[in-house]
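Data first, discussion second: the structure below is written as structure tokens.
The values are calculated or read from the model by the stated rules, or taken from the named source; none is laboratory data. Computed from a predicted structure; not experimentally measured. Glycine gets a Cβ as well: all are built from the backbone with ideal geometry, and neighbour counts include every protein chain shown.
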Amino acid sequence: MVRDVLRSAAAIGALLCASGCAGARTNVVAPNAAYPISMSQGVRDADGRLVARDRLTKLASLESRATAWSMLYSYVPLTPETDISDVVNAQVKAAGGDAVLNLRVMAGNCATQWFFGLNVLPFWPGCLNVRVEGDIVKVTRPARSRTAARGASVSQRLSASMEAVP
């Protein structure tokens, strides 16, 4: 009976050691991004209206990788924020884009996750690989209709002729 309890406790302890408790957490932020970032397929123009899809052209893909660190089973984040502002600004500028759409944030294991026995220790640092992807797009201006163009030229001619009258 006692032997069975000890054997069960040893098996549970081995499973806990193998499961690994190390990990990390972080908030992905972009407080200094010079371009709009959207996790959806849409972006708003300067007037707050949603830009039509036919005015959006994908130029490139945004890609960023970072590693976040924590201790005490991720209760003490050593990397509380992962700032992607500089990456967004550099990549959108290089592509000649206006915004980032379809932003996706993925998290995955890192090397410290594979030290099974040490993961149980609260002071063992845990980490998290963070991957950020998105679409860099260019917003094109809406095409002017021929009627609007004709109306503008008529009004321009009228104002020019009125200025010419003494």
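Only one of the listed residues (S70, S74, S64) is in contact with a Lys or Arg (Cβ under 8 Å, 6 or more places away or on another chain), part of a loop (DSSP other than H, G, I, E, B) and under 23 Å from R131 (Cβ atoms). That residue is S74. Quick check on region 103-112. Is at least one of its residues of a type in the set (V, I, T), modelled with pLDDT under 90 and loosely packed, with under 13 Cβ neighbours inside 10 Å? No, the conditions are met nowhere in region 103-112.
The residue pairs whose first member lies in region 80-94 and is within 9 Å of A33 (Cα to Cα) and of a type in the set (S, T, N, Q), whose second member is modelled with pLDDT of 95 or more and part of a strand (DSSP E or B), and whose beta carbons are closer than 9 Å, counting only pairs six or more residues apart or on different chains, are S85/V29.
Listed here are the residues, each with its yes/no results for (1) surrounded by 14 or more Cβ atoms within 10 Å (Cβ to Cβ); (2) at pLDDT 95 or above; (3) farther than 30 Å from G42 by Cβ.
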position: D83; (1), (2), (3): yes, yes, no
position: K93; (1), (2), (3): no, yes, no
position: W114; (1), (2), (3): no, no, yes
position: P122; (1), (2), (3): no, no, yes
position: S145; (1), (2), (3): no, no, no
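Pairs needed: first member in region 44-68, farther than 30 Å from L78 by Cα; second member anywhere, surrounded by 11 or more Cβ atoms within 10 Å (Cβ to Cβ) and of a type in the set (D, E); C-beta distance under 6 Å; at least 6 residues apart or different chains. From residues that are farther than 30 Å from L78 by Cα, the pairs are V51/D45; K58/D135. Of the residues A90, A107, A94, the single one that is in a strand (DSSP E or B) and of a type in the set (G, A, S) is A107. Working only within region 69-104, note down all residues that are touching a Cys at 6+ places or on another chain (Cβ under 6 Å) and either polar (S, T, N, Q) or on the phi > 0 side of the Ramachandran plot (or both). Result: Y73, single match.
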